[in-house]
Structure formats: C-alpha cells, structure tokens
Amino acid sequence: MGSRDDGENCLLDLPADVHLDVSATRLMLAGCEASLPAGLREALTEDGRNTRSLEQRFFEAHAAESQGPYAVPALVRRLNKRLNQLLPGWQRLLRRTNAYLEVPQLTFQRVITSEQEARRHGIRVPFTHPELHVPVGEPVVHDAMLGAYLRIPADGVTHTLFVSLSVPQTLELTGQTPQAHAAARFGDLFGDIPAHFQTSNLRMRTVAPCDNLVQALAEHLHLGHQRYREFAYGATRESLTPASHSQARQRLCPSPLRTGTSTPSPVAPDFPAVAPSTSTPKPAPTSTASAAEGALAPPRRRPSRHDNPSLRELEWAIAELERLDTLYTVQGRPRYG
C-alpha cells in the first residue's frame, strides 16, 4: 500500500493509498528486500539467495572471469585463433599494411524519470509526461566496453574486422564503415545499458598503430570487461540517490476486504520463482493487531448488483494496472549478471 509520506515508501514508489498485490520477485528485483515477510527473508538467507549473498557471488564470478577467459593472455590466444581462420598470414599483413584500431565512444548522461526519484535528489520538477528525462550530473564519455574495430588498409581498400566479446566467433568481416556498423550493433559493443543512463553522440576514436596490435586489442577488451561490471551488476537508480529508500519497509494493506469504491488489485502468485514452496514457510501475521483485525472481520456476503463495478470502472482499473506494471518493470533492476 502506497503512502503519502515518501519516507515510508520503499523503492517501488507505489501510488498513495492504492492497494496492490506485489510478488516477492518484484520486491527483490527492486531492492526492497526489507518489505518481504520475515519467514521468506529467513528462507532466502538460509538458501543463499538474499541480496548480500547474490551480490557476493556476482563479484566473485566477475573476478574469476577477469582472471580467466577475459584475462589478457586468454584473449590474445582467442584472437590469434580466430585471425588464423579468417586471414591466413595475418601477422605479415598487419605489419605491412599499418593496420590500426577504431574504438566506438558514447556520451553517457544519468537521468531521473520519476517524481519520487527527483525528490530524493532535491529536484522539484512536475513529471507531466511519462517520457520526461531530467539529466543529473555531468555527461561522461566512455569507450565501448565489449568491442572495437580492426582496420586493415590493403590494395586501395580498407578492410574492417568487427571484434566483440558478445558474439560467439569474436571476429567478423564487415563491409560497412565502423560508424554505420556500430549504430546497428550497439548492444554487441556496449552491452545492456541501464535505464538510468541516456546515451548520445556516437563517434569513433582511432588508436595509433603499434607493434603488437593483437596485444593492444586484448588489453582494450580486458579493461572493457572490467568496466562493464557496473552495468552487469545492475544497481537500481535509487541506490545512487543521496537519500536512498532501499531499507524502507513498504506498508502492508490494512485489510483484505474489498469494497465497492476501492481500487481493484491484481492477483499475483505467492512469491513466484524466488522461494520454493517446499522450503519457504508461510509468513506469519505481522502483528497481533492485524490478527485481531482479521478475526473481527464480518463474514463475506454475496455482492449485490449495486456493488458490482461498471464496465467503465473495470476498463479504467485494467488500464491503470497495465501502466503501473510497465512503470515497475522499468524501475526494477535486472538480476545480477
């Protein structure tokens, strides 16, 4: 249940006084683990699926990758093997043609997209349009984390090799210019960019020719893999605000009763894909007051014709639920890695 006091809302930013059935999965993805029932939090901790355990395993796995398949020597072997398949005698070709690297660059700008998030940054802006983005901080230019272009001038034509860690074959021959190809293969160069970043100004940076171009390319990919960690981690935009509400506990709805004027709420499954029913105990009542509230509740009666919502009310409720589902999906963070 959303509160009019923003200090009582967790990162879901529910509308005030609206009753919604929220699954445990959505709470976990949004970083609102404090709002889970006590029994479910204990079960997740015992199974090692709480936020702290998942974060620790992610960083350990990333460090192992950085020292293993994405270490510079491993990347050099991977690039040499693929170059031998594509260009027999490539070492002599690279030396004779003064080949060089071109690295795509993007300008990243942090943005806020909700009134609650703006308020936590001390910004008072009315969000009158769902696509409104308010920039925060200074824009930063980053090289592509996952790829680059190897340019080989030969016989009056410059051949282009596309290099990317996200494609199985690592290297591909392309007939396009790097600028046009980078615009079409954006995800293979920069990966999944979080929603709280706005990107612009795609351009190419030329790396000066060097004696060992494959070594330079492997070092670029290794550093890019390390820098991509923050994107793969998928921290919520709210965790970056000056006043984060990640530890705030979302208020539970006061009563399961539904009246003719209350807002209908969607029925969500009991904690899907987070805790199996075999190991998760049923959450106990939050307090004796709520238990007493349930005991004193009058028995249910068959709703009369006067209580049934009109077709227009049902259409409005469905449209509102679809809007909220889209909003929460955008604000939720991806699972680690």
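The values are calculated or read from the model by the stated rules, or taken from the named source; none is laboratory data. None of the values given here were measured: they were computed from a predicted structure. Here Cβ is always computed from backbone atoms with ideal geometry, including for glycine, and neighbour counts include all displayed protein chains. The accessibility values were calculated without ligands, DNA or RNA, using every heavy atom of the protein model including side chains. Shrake-Rupley method; radii C 1.70, N 1.55, O 1.52, S 1.80 Å.
Got a number for residues in the range 133-154 being free of Cβ contacts under 8 Å to residues at least 24 places away in the same chain and in contact with a helix residue (DSSP H, G or I) (Cβ under 9 Å, 6 or more places away or on another chain)? If you could, list the steps in order and put the result at the bottom.
Here is the first cut: in the range 133-154, the residues free of Cβ contacts under 8 Å to residues at least 24 places away in the same chain are 134, 138.
Among the residues that remain, those that are also in contact with a helix residue (DSSP H, G or I) (Cβ under 9 Å, 6 or more places away or on another chain) are: 134.
Summing the residues that are free of Cβ contacts under 8 Å to residues at least 24 places away in the same chain and in contact with a helix residue (DSSP H, G or I) (Cβ under 9 Å, 6 or more places away or on another chain) in the range 133-154 gives 1.
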request  = Read through the list (1) surrounded by fewer than 18 Cβ atoms within 10 Å (Cβ to Cβ); (2) in contact with a Gly (Cβ under 8 Å, 6 or more places away or on another chain), then give the number of the only condition that R110 fails.
outcome  = (1)
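Within the range 221-239, how many residues are among the hydrophobic types (A, V, I, L, M, F, W, C), modelled with pLDDT under 75 and part of a helix (DSSP H, G or I)?
Start the filter on the range 221-239 by keeping residues that are among the hydrophobic types (A, V, I, L, M, F, W, C), which leaves 221, 223, 231-232, 235.
Then keep just the ones that are modelled with pLDDT under 75; that gives 235.
When the remaining residues are screened for being part of a helix (DSSP H, G or I), the result is none.
Result for the range 221-239: 0.
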query = Which residues, counting only those in the range 27-40, are part of a helix (DSSP H, G or I) and crowded, with 18+ Cβ neighbours inside 10 Å?
reply = L27, M28, L29, E33, S35, L40
request  = Just give me the residues in the range 195-220 being farther than 30 Å from E117 by Cα, aliphatic (A, V, I, L, M) and either open to solvent by 60 Å² or more (accessible area, probe 1.4 Å) or part of a strand (DSSP E or B) (or both), in sequence order.
outcome  = M204, V207, A208
query = Which of the residues belonging to the range 51-70 are part of a helix (DSSP H, G or I) and closer than 19 Å to S164 by Cα?
reply = H62, E65, S66, Q67
inquiry  = Looking for something modelled with pLDDT of 95 or more, under 30 Å from S114 (Cβ atoms) and under 26 Å from the mean Cα position of the chain (by Cα) - is there at least one such residue anywhere in the range 159-172?
reply    = no
inquiry  = Given the criteria within 18 Å of G224 (Cβ to Cβ), at pLDDT below 95 and open to solvent by 70 Å² or more (accessible area, probe 1.4 Å), does D192 qualify?
reply    = yes
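Yes or no, residue by residue, for (1) aromatic (F, W, Y); (2) open to solvent by 30 Å² or more (accessible area, probe 1.4 Å); (3) without any contact (Cβ under 8 Å) to a residue 40 or more places away in the chain; (4) within 22 Å of R229 (Cα to Cα):
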| site | (1), (2), (3), (4) |
| --- | --- |
| P15 | no, yes, no, no |
| V22 | no, yes, no, no |
| G48 | no, no, yes, yes |
| E65 | no, yes, no, yes |
| R92 | no, yes, yes, no |
| V103 | no, no, no, yes |
request  = Considering only the range 118-168, state which residues are open to solvent by 50 Å² or more (accessible area, probe 1.4 Å), touching a Ser or Thr at 6+ places or on another chain (Cβ under 6 Å) and under 15 Å from G224 (Cβ atoms).
outcome  = V141
request  = Only residues that are closer than 14 Å to V163 by Cα and in contact (Cβ under 8 Å) with a residue 40 or more places away in the chain: list them for the range 71-85, please.
outcome  = L75, V76, R78, L79, N80, R82, L83
key: Conditions (1) out of contact with any Ser or Thr (no Cβ under 6 Å at 6 or more places or on another chain); (2) at pLDDT 85 or above; (3) not in a loop (DSSP other than H, G, I, E, B): number failed by A43   = (1)
ask   = In the range 67-77, which residues are open to solvent by less than 70 Å² (accessible area, probe 1.4 Å) and more than 11 Å from Q215 (Cα to Cα)?
value = G68, Y70, A71
